[in-house]
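A.B. asks: Can you keep this structure in mind? I'll have questions shortly.
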Amino acid sequence: MQLNHRLRDNKAQHGLLLPPGDMGFAGRFLWFQLLRSYVTLQTVHRLQTAHTTMSNEPRRHRRAYSDGNRPRFHHVPLKEIPRKHPDVHSDENLTVHEISHMRRSSSIQSLNSDFVDAASDDSFQKEVAEKTQMYFVGKQEAETEVFLDRIINKEGSKDRALLFIVSEIPNENKVQMLINCLLHRGANPSASNKDLWTPLHYAVKKNYKGVCSKLLEHEAWPDARDKKGVMPYTLAYEAGNDDIAAMLITCMTNQFVRRIYSSDGNAPAEFSFHNLLEKNMPKTIIAVLDCMIDPVSPSGDVCVYYNVLDADDNGRVPTDSMFNSRSKSGLQIIAKSGNKTVVYHDVVRLLIRRKWKEYARFRFLLNSLFYMITLITLTFSAIVASTVPDPTVYGVSALQIARAVCEVWSLGMAALTLFSELNQLRKHRLEYWQDAFNWIDLSSSILILLLPPLRFTHRNEQWFVFSAAFLLWTIRVFKYAAVFRQTGAYAQILWRILIHDIVQFTTFFVFILLAFSGCLLLSLRGEGSLEKFSESSSFWSILFVGVRILIEAERIIEYTELQTMSLIIMVAFLFTICVLLLNILIAQLSDTYQNVQQDAQRGLEVNRAWIVSRVELNSLYIGKGHRITHYKESENIYDVRDVLEKWECPPLNEMNKCIQDIWESLDSHKMNLLTVRNRLARQESTLSKIQETLDKLVELQEKQENKTNNAESD
């Protein structure tokens, strides 16, 4: 009978049964085979659970709760349970309680080192040995089980034990292993103490990423609040912990995330998307943007929300009466940062697409048209003015009248550009100088407006000023190249080559040129042939010869007539420039072209976002209220991927085909994972049948023992 009681206790505590000592050989053999199958399947299930935890869902809106009605049944305060030791609460760190028999050490050598003299405790070792023999587990796992049993006995319940382990043990790996066992025993992952702090609060505060993942895997409440209204996400947000904050956002409902990042009209939003962008937490930003897409139907119809991207810094949308129109929107901050990963998110791209089609493209096309007309008039006036003896004299001929009209138009557009740039400088102040195009626009317009006073004072410097102004005004074409996607891609490639490759190559070439010029000058001086060639008579002449060699890729002077030292220097320079440097430059340009071509789509999205932001921020009268008049909280889209593919041009869809292949591969892996889960479900059904069989065997054994006892008593 004592054995039967022990069997029942083991069954109640661990869900396992042990064979009675007097069971027959066949029964014991069947018993052990069933238990071995059970242990194997439990191990497979744990590995599958760990794999599921580590895998990241690429698109949150495919699995998010669209109605916001997620079942909430975890977050309940612990009931008062009589315990052996009184609770001691601290307002500073909100610890659960303290146990006098537990040792607090910064380094834990083993699981049982937290218990006073547990390693040398005979009862502890005896319990470990019993569990090792009874449940076919290793010594370490048995020590973990015994250690947990003692914590549960000290704390009074598994929930309090879970809170204690997360809040008090300073080793994350040990905590993760202990809570994994506790959660499998049925501990509540969202249990709370008197301050309503849950294990997730403590795990976030101590930056235990793996513990947070395990708790969330077991349906811990990510939006649980303590008495002060603090959520685990609040702790991660304030600490700038991007990984944990993104994990928590992913486990919240879409509706709840939109609510905490939006104002209710009177009070500002609980969390500011603007501050999130400034904190530079890209994973959390992506997770929040994922919550802006809600699936509407299984066929692929989704609802996309734009309120977070169009709201002010307090989360108020443009239709709110307390909306701050001077505050930048989230889209404008993203465009300014140039973060291609965030800009390429579906929600951001859809908003850019809508604004571009509604008003930004027309405004940008109009500005591009004015720019091209001004470039043509500026070119015409420069050609005609350079051919007349006195550019201040305008005759009655049609050519001179056309020149006068073109110059008036050019001066008017330059004045309008200067006024627009000064207005931007007034609005943005120091931020204005961070944009390279602002420097070009401001300097080109100022130089053009300087031409009339220089011309009518008959200063010869007018031609140099005109030359610089014409060059800067022509460079502005890069600003308007994004009007078409193909021209925008080519402009991006050329701009990247000019900024990165040419600058690096020129810097390296200057050092070689200086070394060559100095060596050749001294060698020619020593040989007495400094005046032999007019191209090498001075240091500056030799510098110019080196530049000509680079451009023309051939010799400029007949170096065979030079003496030995000068000849060696010239040949070495020609070999270095024509053979090495030029070929390296060609290879570098080819590599840059490939890289930019692959990333062209993201770069174009950044350009479009930048254009939309400039139209909203810098408009004086026309288009000044586009952000308010064209605001749209949400829109329904049937197929996001199809819409965005049509938004792109065919030459740039190659990268998207690769992305589509990746998505198809992920879908295939998901199907394989679903198959494994179905197999596990069938194995669990088999295990339940095995458990029923074991129960019947126990009942038969008990009946047999009862009959034997009755027969002995008779």
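A.B. asks: Provide R496, R614 ordered by accessible surface of protein heavy atoms (probe 1.4 Å), highest first. Don't jump to the answer; show the numbers that get you there.
C.D. replies: Numbers: R496 80, R614 40 Å².
The most accessible residue leads, giving R496, R614.
A.B. asks: Any idea of R641's accessible area? Nearest 10 Å², probe 1.4 Å.
C.D. replies: Surface accessible to solvent at R641 totals approximately 70 Å².
A.B. asks: Let me ask something additional. Solvent-accessible area of R555, probe 1.4 Å, all protein chains present, reported in Å² to the nearest ten, please.
C.D. replies: Its accessible surface works out to 110 Å², give or take rounding.
A.B. asks: Given the whole protein assembly as supplied and a 1.4 Å probe, what does the accessible area of I401 come to in Å², nearest 10?
C.D. replies: Accessible surface of I401 is approximately 90 Å².
A.B. asks: Would you mind classifying the range 355-428 by shape? Square roots of the alpha carbon gyration tensor eigenvalues, ordered a ≥ b ≥ c; an a/c under 1.5 is rounded, otherwise it is prolate if a/b is larger than b/c and oblate if not.
C.D. replies: Working: a/c = 3.85, a/b = 2.08, b/c = 1.85.
The shape class here is prolate.
A.B. asks: Ok, one more. In terms of modelled amide H atoms, which long-range or inter-chain residues lie less than 5 Å from the amide H of S192?
C.D. replies: Result for S192 returns V76, L78.
A.B. asks: How would K707, K336 line up by accessible area, probe 1.4 Å, largest first?
C.D. replies: Numbers: K707 150, K336 105 Å².
Greatest to least solvent exposure: K707, K336.
A.B. asks: Here is the link list: K194/K283; K139/K205; K206/K283; K206/K340; K139/K174. Which ones come out longer than 22 Å on Cα distance? Spell out each step's value before the answer.
C.D. replies: Values: K194/K283 33 Å; K139/K205 32 Å; K206/K283 20 Å; K206/K340 32 Å; K139/K174 16 Å.
Going by Cα-Cα distance, K194/K283; K139/K205; K206/K340 fall outside the 22 Å limit.
A.B. asks: Next up: Could you provide, to the nearest whole Å², the per residue accessible area of the range 496-636 with probe 1.4 Å?
C.D. replies: Accessible area per residue: 55 Å².
A.B. asks: Among T392, A404, V308, whose Cα sits farthest toward the positive end of the charge dipole of the range 283-431 (+1 at Cβ of Lys/Arg, -1 at Cβ of Asp/Glu, about the Cα centre)?
C.D. replies: T392
A.B. asks: Right, here's the next one. Among I446, I152, what's the order by accessible area (1.4 angstrom probe), most exposed first? Write down the numbers at each step before the final one.
C.D. replies: Working: I446 70, I152 30 Å².
Per-residue accessible area, sorted high to low, gives I446, I152.
A.B. asks: The range 502-578: which GluC sites (Glu not before Pro) are DSSP loop and have at most 13 other beta-carbon atoms within 10 angstrom? Write out the running numbers ahead of the final one.
C.D. replies: On the way: sites: E527, E531, E535, E552, E554, E558, E561; in loops: E531, E554, E558.
Of the GluC sites (Glu not before Pro), the ones in loops of the range 502-578 whose Cβ has at most 13 other Cβ atoms within 10 Å are E531, E554, E558.
The values are calculated or read from the model by the stated rules, or taken from the named source; none is laboratory data. Since we're looking at a predicted model, the values are computed, not measured. Don't worry about glycine lacking a Cβ; one is built from the backbone with ideal geometry, like all the others, and counts go over all protein chains shown. All accessible areas refer to the heavy atoms of the entire protein, side chains included, with ligands and DNA or RNA removed. Shrake-Rupley method; radii C 1.70, N 1.55, O 1.52, S 1.80 Å.
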